[in-house]
1. Output the qualifying pairs, or none if there are none: Cβ atoms under 6 angstrom, residues six or more apart or on different chains, first residue in region 205-233 and within 23 Å of GLY149 (Cα to Cα), second residue part of a loop (DSSP other than H, G, I, E, B).
2. List pairs: first in region 328-343 and within 17 Å of ARG275 (Cβ to Cβ), second assigned to a helix (DSSP H, G or I) and among the acidic types (Asp, Glu), Cβ under 9 Å, 6+ apart or cross-chain?
3. Kindly evaluate LEU186 against the criterion of being of a type in the set (A, V, I, L, M), within 16 Å of the ligand (Cβ to nearest atom), in contact (Cβ under 8 Å) with a residue 12 or more places away in the chain and surrounded by 17 or more Cβ atoms within 10 Å (Cβ to Cβ).
4. For the list (1) out of contact with any Asp or Glu (no Cβ under 6 Å at 6 or more places or on another chain); (2) more than 23 Å from LEU138 (Cβ to Cβ), I need the number of the one condition that GLN324 fails.
5. Restricting to region 145-159, what's the tally of residues that are surrounded by fewer than 22 Cβ atoms within 10 Å (Cβ to Cβ) and in contact (Cβ under 8 Å) with a residue 40 or more places away in the chain?
6. Mind telling me which of the residues ALA345, ALA354, ALA339 ends up being modelled with pLDDT under 95, more than 16 Å from the ligand (Cβ to nearest atom), assigned to a helix (DSSP H, G or I) and out of contact with any Gly (no Cβ under 6 Å at 6 or more places or on another chain)?
7. Name, by its number, the condition in (1) part of a strand (DSSP E or B); (2) within 16 Å of the ligand (Cβ to nearest atom) that does not hold for GLN142.
8. Given the condition over 22 Å from THR207 (Cβ atoms), surrounded by fewer than 18 Cβ atoms within 10 Å (Cβ to Cβ) and outside the structural domain of ASP137 (by TED's automatic domain parsing), answer yes or no: does some residue in region 363-380 qualify?
Amino acid sequence: MNELDDFRAEVAAWFRDNRPPEPDFLLPESFMEVGTDAQFDYLRSWQRKIYEAGYLGMAWPVAYGGGGHAQIHQDIVNAEMVRQKVPFVPNTIGLNWAGPLILAIGTEAEKQRYIKGILNADDIWCQGFSEPDQGSDLAASQTRATRDGEHYILNGAKIWTSLGSYAKYMILLARTNPAEPRYGGLSFFLAPMRTPGIETQPIRKLTGEYGFTQTFFRDARIPADCLMGREGEGWKIAMMTLTFERGASGGQAGGTARLAPGVVDVIELARTTRRDGRPAIEDPLMRDQLVRFLIEDQGDRLCAARGAIPALCHERPQAIPLSQKLRTSEHRHRLTQFAIGLQGANAARWVGDANAFEGGKWQRAYLNSFSSTIGGGTSQIQANIVAERVLGLPKD
Ligand SMILES: Cc1cc2nc3c(=O)[nH]c(=O)nc-3n(C[C@H](O)[C@H](O)[C@H](O)COP(=O)(O)OP(=O)(O)OC[C@H]3O[C@@H](n4cnc5c(N)ncnc54)[C@H](O)[C@@H]3O)c2cc1C
C-alpha cells in the first residue's frame, strides 16, 4: 500500500467510527435546505468535529488554520464522505467559495480575520448576489453601497439567500457608482450580517421547509474595510467567485457530501416497487432506463477524474469544469423524477404519510432537485456559458 492508500483507510475508519447519531428529525439534503435551529446545530457540531480531526481545509495554508497538505488528501476525504453517505457540513459557501476567494485575492488581514472561522464553523457565510428583480442578470444589481467617511451605507434587498438566517458574513455584490449602470459600478464586500439595518425574512420552499431568506438593507452601516479589492472591481470578483461556486476552479475546503439519494438507491427502489405484479426492475424498459442512469453517473465520475489530467483535456480545457454543474444537476433532476414515476399512484404521497415509500424521501428529493438547476446560475445560463466559452458559438 502506498501512502495515499494508508490515508484513505485511515479516513474511512474515522468516518465509520465518528458518524454522528441519527437525529430524531429530518436532516436537510444540502446546505440550501437548512431550515431549523435543530438541523443547523447538528450540522455545525458535525463540521467542528471533522475540522478538529483535520479533514476540512486540508490543502489550505497552516498559517490560517488549514492543514497544509496536497489537495489530493482533501479529495480523498470528500470521496469518502460521499461513499459513506455521512451528513454534509453547513458552511458550504464559506468553505467552497468565499474561503477560496479570500485565499486567492484577499489581503493578509482578510485571510487572518476570516479563514479559521470558516473552517471551524464559528462564522457561517452566505451570498448576496440575486435580487428580487434580477438573478441571471447579475450585472443589473441595484443594492446600493454609498461611501460615508469610514463606512459604507447599504440600501436595497437581496433574495434567495441560502443560510441567510444563520450567517455571520455575506459575500455581497452592491452598486457603489449608480452613474455606471452595469459592470463598472459594482463593488464586492465581505459584509457583517449582524449589523443594525440588515434583516432577514425566511422564505418557505416548495417542500414546505425553509433554507433561504430575503435580506433587507435599510441604511445599514458597515466598516469601509469590508470592501474587497477596489471600488468598481465587484464584477470581476463576483465572476471569480462563480468559478469556485460552479466547480470550475479548485481549492475548495470540502464537506459537500449530499444526503440526496443517488443511482444505486434508485436501483434498490426498482427492486421494491412493483409493475404489472412484478418488481419494477424486471421490466425491460425500466432496466434500460436504469442502465442509462448508471452510464451517465459513471461518465460524470470519469469526466471529473479526466478533468484533473491536463494532457487529456488540452483541446478544450474548460469543457469539463464549465459543464459539470449543468450535467450533474440535470442528471439528479431526471433521476429523482424517474424514481417518483416508479411509485405509480403512490408518487402523490408526501413526507409523513404512513404509506409513502421510505417516508416520502423521494418526493422531497424530487422537489429539492430543482434547487441545483437554478441556484448558482440556471441550467439555461450554464448552457449559454458552455455554448459561448467552450464551443465558441456567437452570443446572438
Ligand atoms: C435553492 C436555491 C438557493 C439559492 N441560493 C442563493 C444564494 O445563496 N445567494 C444568491 O444570491 N442567490 C441564490 N439563489 C438564486 C439563484 O442564483 C437565482 O434564482 C438564479 O440565478 C436565477 O435568477 P432568477 O431566480 O432571478 O431567475 P431569472 O433570472 O428571472 O430567470 C428566469 C428564467 O429565465 C431564464 N433566463 C434568464 N436569462 C436568460 C438568458 N440570458 N438566456 C436563457 N435563459 C435565460 C432562466 O434560465 C430562468 O429559467 C438560489 C436559488 C435557489 C433555487
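The values are calculated or read from the model by the stated rules, or taken from the named source; none is laboratory data. Source: prediction; values computed, not measured. Methodologically, a virtual Cβ is constructed for each residue, glycine included, from the backbone with ideal geometry; neighbour enumeration extends over all protein chains shown.
1. ARG218/GLY197; ASP219/GLY197; ALA220/THR195; ALA220/GLY197; ILE222/THR195; ALA224/GLU150; GLU231/THR176
2. Sorted first by the residue in region 328-343, then by its partner, the pairs are ALA339/ASP265.
3. yes
4. Only one criterion is unmet by GLN324, namely (2).
5. 10
6. ALA345
7. Only one criterion in (1) part of a strand (DSSP E or B); (2) within 16 Å of the ligand (Cβ to nearest atom) is unmet by GLN142, namely (1).
8. yes
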